[in-house]
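The values are calculated or read from the model by the stated rules, or taken from the named source; none is laboratory data. Bear in mind the structure is a predicted one, so any value in this text is a computation, not a measurement. So basically every Cβ, Gly included, is an ideal-geometry build from the backbone, and we count neighbours across all protein chains shown. Surface accessibility is based on the protein's heavy atoms, side chains included, excluding ligands, DNA and RNA. Shrake-Rupley method; radii C 1.70, N 1.55, O 1.52, S 1.80 Å.
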Amino acid sequence: MTFSSRVKNELCQSPLGSECCARAEVYGALLHCNTFTPQEVRVITESESFARRLPALLDRAFGLAFDRLPAEGEHKYVFQITDREKTGRIVDAFGFDSRQSPVLHINFGLLEEDCCRSAFLRGAFLSGGSTTEPSRSYHLELVTSHAQASRELAALLTDMGRQPRQTARGGCQVTYFKSSVQIEQLLAVMGAPESAGALVIARAEKRLRNGVNRRVNCEAANLDKAVDAAQEQLEAIRRLYELDRVGGLPAQLKETIILRETYPELTLRELAEEFEPPVTKSCLQHRLRKLVELSRQ
């Protein structure tokens with residue numbers, strides 16, 4: 001079972017919650033599903049747990065049932081609503097004119113409460129989300145075919161303190177994260193704390209494994225040089241604190257001090273990746289050189 005599947009299984013264990021949260025979760029799912037128009041709703045998923053949750057979720061949110069349920073033996077689970085009265089009720093509930101396309105933007109009035117925002121993101125991930133195995137790489141994405149909804153999703157995530165990135169792929173809009181910390185926090189917000197914990201463990205194991213491999217494969221001279229440089233940087237930081245000069249430094253240098261003290265064992269390339277957003281190795285080298293120069297003045 002993939003890590004994405006495990007995350008979705010955990011998310012589907014979340015209670016359906018109040019009617020407003022159920023509607024928010026359906027809203028997130030429909031904005032990231034295959035088809036959502038006043039004429040048709042069609043959701044296709046490979047997740048068995050989501051397929052079990054979806055009918056109950058729609059009933060909790062709107063008191064409605066799907067017109068088409070998955071057929072036995074299908075590889076993918078297909079849910080569909082074509083009844084215009086049902087689609088009209090859903091469209092109206094989300095605050096859209098049923099004569100217009102309901103997928104152009106996110107109605108933030110339905111997502112004022114934190115619990116509803118979490119439910120919305122959970123529905124979006126269950127319907128159009130995926131994440132990689134954290135032992136190999138860090139990547140979580142939410143895919144929709146609606147550009148305006150994607151831009152407003154990024155705005156919603158930014159308002160929640162996240163830092164999403166966006167791109168286009170195959171006619172779809174992709175909102176994604178590459179930061180392990182950001183992914184961990186997002187999984188927890190959506191309702192998957194166990195998966196968030198698994199990511200923390202995977203990150204720690206990867207860091208340990210990379211550290212061992214680096215020490216095994218690196219020549220002693222290069223390693224000594226890197227250690228000496230890190231020691232010089234840490235000593236410079238200590239002197240700046242003693243001189244009470246840290247408080248007046250630019251924000252970029254303060255951030256560099258915090259990360260260098262937090263990860264004294266990392267190489268410049270690895271340390272540069274810990275910044276949000278990541279910086280280049282040369283940029284980080286320039287900042288550290290500046291700190292050393294300031295400490296000598």
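Considering the values (1) 192; (2) 156; (3) 172, which represents volume of the Cα convex hull per residue in Å³ as calculated for the structure under consideration? Correct label is (2).
The relative contact order of the range 128-227, computed from alpha carbon pairs under 8 Å that lie at least 6 residues apart in sequence, is 23 percent. The relative contact order of the chain comes to 16 percent, based on Cα pairs under 8 Å that sit 6 or more residues apart. Rolling a 1.4 Å probe over the protein heavy atoms of the chain, with every protein chain left in place, gives an accessible area that is 50 percent carbon and sulfur. Computed from the C-alpha gyration tensor, the three semi-axes of the ellipsoid equivalent to the range 118-275 are 36, 20, 14 Å, from longest to shortest. With the simple model of a label 7 Å out from the Cα in the direction of the Cβ, Ala229 to Asp159 spans 4.4 nm.
Oblate is the label for the range 1-159, because a/c, from the alpha-carbon gyration tensor with a ≥ b ≥ c as root eigenvalues, is 1.5 or above and a/b does not exceed b/c.
Each of the peptides 27-35, 179-187 was scored by the mean count of other Cβ atoms within 10 Å over its residues; in descending order, highest first, they stand as 27-35, 179-187. Partners of Lys290 within straight-line reach, counting lysines whose Cα lies under 27 Å from its Cα and excluding those fewer than 8 residues away in the same chain: Lys225, Lys254, Lys281.
Normalised per residue, the accessible area of the chain is 51 Å², obtained with a 1.4 Å probe and no contribution from ligands, DNA or RNA.
Entry note: the range 131-193 has Rg to Rh equal to 0.97, where both radii use alpha-carbon atoms and Rh is the Kirkwood radius.
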